[in-house]
Amino acid sequence: MIVCVRIPAFGSVIEERDNPRLHGKPFILVDPNGPAQIISGVSIDALSSGVRIGMTLRQVQAICPAAQVVAANPARAHRAADDLMEALAGFTDLVEMEVPPYRPPRSRRLQPAIGANEGDGVWFMNPGRMRGEQAVELANTLQETILERTCLDSAIGLAANRFTARVAAASLMPRQAFLVPRDSEREFLAPYPAALLPVYAEQMRQLHMLGIDTLGTLAGLPTSALNDLFGKQGAAFKRLAEGRDTTPVLRYVPHKAERAVQQLNDPVDDRGVLVNVIGALTMGLAQTIQERGQLACALMLMMTLADGGNQVTEIALRQPSASADHLTRILAEMLDGLRLNDSVAGIEVTLDGIVEVEARQLSMFPTESVPQDQLREVLHYLVARQGAEKFFLAEIIAPNALLPEHRFRLRQVEAA
Amino acid sequence: VYVDLASLLNPNYATRCGINLDQFLIGRPDDIAGGLDMMHVVATKARSGLVVFDPAVEGLVTPRARGQLNSALRKLAPLLKETKSTALLLNPGTKPQMAMPHAGLRLHVENVGWIKDEVYVSGLRARVIVAKAHQGRSGQQVELNITLNGRMWEVVA
């Protein structure tokens, strides 16, 4: 039995939960560190007006002029998604999150996953074989647990395979649950549109031109005809449309992170004081992971401002590290990159992606590297000749981001 | 130093190919002349270093620019011999137009076919031919699988 838990408009629901003045109002989320003018989350009220993730602000203004613009907080959504994952992992190890709900659709060419342009948060579970009554009971228990742990309402689809459970969950409103009886998957899927399949836009156009608009019509076609049209993918589409999805649910690997928070008695503006506080927090965290023989792969710095707002920045380290000095230096650079428009009332440092130390064979004959001072001299000369705006140093910020241009940042070299 | 004339370099891919970003400077000049100046400075001042000149788009290398390039390389070639620096020119076109007379080593990289992982392209099979070599024999060739996650391995020697 596969259980699909769906929370519609996950990012905006989290925002609404933590910010009650947004309740019942149409609003959109814009990621301050993401692409400008592109929205990354939509509230349920704005969704009903036709606003979707990936639209531009100008489009939103035309469709839903009353929509408020709110700065997205990906870290908060990330944490809520992790909390939910942990809650579900209490029932079974086989728990998997679909596309992280706070990210935009995977590709413009590929049809987005079901509900992806509405920001749905989706989790799959495989609790093993169970009878119908047991499954319905499990769905009710899950909904209560999710409500208790995260204060969120969820829709739950249950079926013998992933795709059918996903379609069932997508057709429900929050607080509802539906079990697709075994061996009736094909009949259940038949009336749903063929666009729910993971097809490219061009493939969807071909299906539409051939009059294949529903999953039922597609399931009725011979495999050879679909293979002629789409190659190997044709058979895969037919299997999904017939409710014979064999994709397994992956095992949950607990997320390892260490977090330290410091609330400041009086809001602070001074960079030196902030760096000292960050250094003290990092020292404690680094000592903890060093004692356990672990290293951190990523860092997150969150500053709570005096006006109640948050500024968050994350970075993936090139080499895992547990050195307090090294981590403090990186966090100080991250602090310089934040646009703080008010005094800081609280600081949170998170060492993320903690892994065990692995022994590594160093090269016995290291390649000759250019002396750093010599490079600096050349750089100084180049900058003097051509100007600092033409030279950049690259920095990897999110190696797993969906779009290649979001994975790195180019930093202009300093004129001095 | 990577002279990225068309601003198309992906540093994330570069790290996966083994580039150390701490010692990697990206230069984005306005035109070919600016790029040649960068190359000249690095190759002569750094004494030991690698400068990559990447026009990336064939259209950027106009006949006039090609003349400038050949002229700059004619002056640069003897200077490079006195240092440990290396200048690497990427020729985006199918014809070997640039830096022909001055290059110490010319490699011709040809895409033989795409490597597919079910329906997605995961890399390419490249044939590398030694078109010119001052030290060693030219005409040797090797076929490599270059995957898009940065790994490379030899298939046919």
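Summary table below
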{"quantity": "Single residue of region A:346-363 satisfying the filter (of a type in the set (S, T, N, Q) and modelled with pLDDT under 85) that is nearest to residue A:285 (Cα to Cα)", "calculated": "A:361"}
{"quantity": "Checking residue A:37 against (1) open to solvent by less than 70 Å² (accessible area, probe 1.4 Å); (2) in contact with a strand residue (DSSP E or B) (Cβ under 6 Å, 6 or more places away or on another chain), the condition it does not meet", "calculated": "(1)"}
{"quantity": "Test: residue in region A:379-398 that is of a type in the set (Asp, Glu), open to solvent by less than 80 Å² (accessible area, probe 1.4 Å), under 19 Å from residue A:337 (Cα atoms) and within 9 Å of another protein chain (Cβ to nearest Cβ)", "calculated": "yes"}
{"quantity": "Flag for residue A:153 being closer than 23 Å to residue A:83 by Cα, of a type in the set (Asp, Glu) and in a loop (DSSP other than H, G, I, E, B)", "calculated": "yes"}
{"quantity": "Matching residues in region B:1-36 - criterion: being among the acidic types (Asp, Glu) and at pLDDT below 85", "calculated": "B:22, B:30, B:31"}
{"quantity": "In region A:216-226, residue nearest to the other protein chains (Cβ to nearest Cβ) [restricted to those that are closer than 24 Å to residue B:120 by Cα and surrounded by 16 or more Cβ atoms within 10 Å (Cβ to Cβ)]", "calculated": "A:226"}
{"quantity": "Region A:309-324, subset touching a Ser or Thr at 6+ places or on another chain (Cβ under 9 Å) and under 23 Å from residue A:292 (Cα atoms), residue surrounded by the fewest Cβ atoms within 10 Å (Cβ to Cβ)", "calculated": "A:318"}
{"quantity": "Per-region count, region A:111-131, residues at pLDDT below 90 and not in a loop (DSSP other than H, G, I, E, B)", "calculated": "5"}
{"quantity": "From A:262, A:233, residue being in contact (Cβ under 8 Å) with a residue 60 or more places away in the chain and open to solvent by 20 Å² or more (accessible area, probe 1.4 Å)", "calculated": "A:262"}
{"quantity": "Contacts under 6 angstrom Cβ, first residue in region A:169-183 being at negative phi, partner in a loop (DSSP other than H, G, I, E, B), 6 or more apart", "calculated": "A:170/A:114; A:170/A:115; A:174/A:153; A:178/A:172; A:182/A:160"}
{"quantity": "Any chance residue A:306 is away from chain B (no Cβ under 14 Å), open to solvent by 40 Å² or more (accessible area, probe 1.4 Å) and in contact with a Pro (Cβ under 6 Å, 6 or more places away or on another chain)", "calculated": "yes"}
{"quantity": "Unique match (being in contact with a strand residue (DSSP E or B) (Cβ under 7 Å, 6 or more places away or on another chain) and closer than 21 Å to residue A:44 by Cβ) among A:170, A:135", "calculated": "A:170"}
{"quantity": "When residues of region A:399-412 are limited to those that are part of a helix (DSSP H, G or I) and more than 7 Å from every other protein chain (Cβ to nearest Cβ), the one farthest from residue B:44 (Cα to Cα)", "calculated": "A:406"}
{"quantity": "Elements of type helices (runs of 4 or more DSSP H) in region B:1-91, at least 2 residues being more than 9 Å from every other protein chain (Cβ to nearest Cβ) and more than 16 Å from the chain's Cα centre (by Cα)", "calculated": "B:32-45, B:63-82"}
{"quantity": "Residue satisfying condition, being more than 30 Å from residue A:329 (Cβ to Cβ) and in contact (Cβ under 8 Å) with a residue 24 or more places away in the chain, within set A:282, A:223, A:247, A:288", "calculated": "A:247"}
{"quantity": "Some residue of region A:63-76 being of a type in the set (D, E, K, R) and crowded, with 18+ Cβ neighbours inside 10 Å", "calculated": "yes"}
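The values are calculated or read from the model by the stated rules, or taken from the named source; none is laboratory data. Remember, it's a predicted structure, so these values are computed and weren't measured experimentally. Every residue, glycine as well, gets a Cβ built from its backbone with ideal geometry; the counts of neighbours run over all protein chains shown. All accessible areas refer to the heavy atoms of the entire protein, side chains included, with ligands and DNA or RNA removed. Shrake-Rupley method; radii C 1.70, N 1.55, O 1.52, S 1.80 Å.
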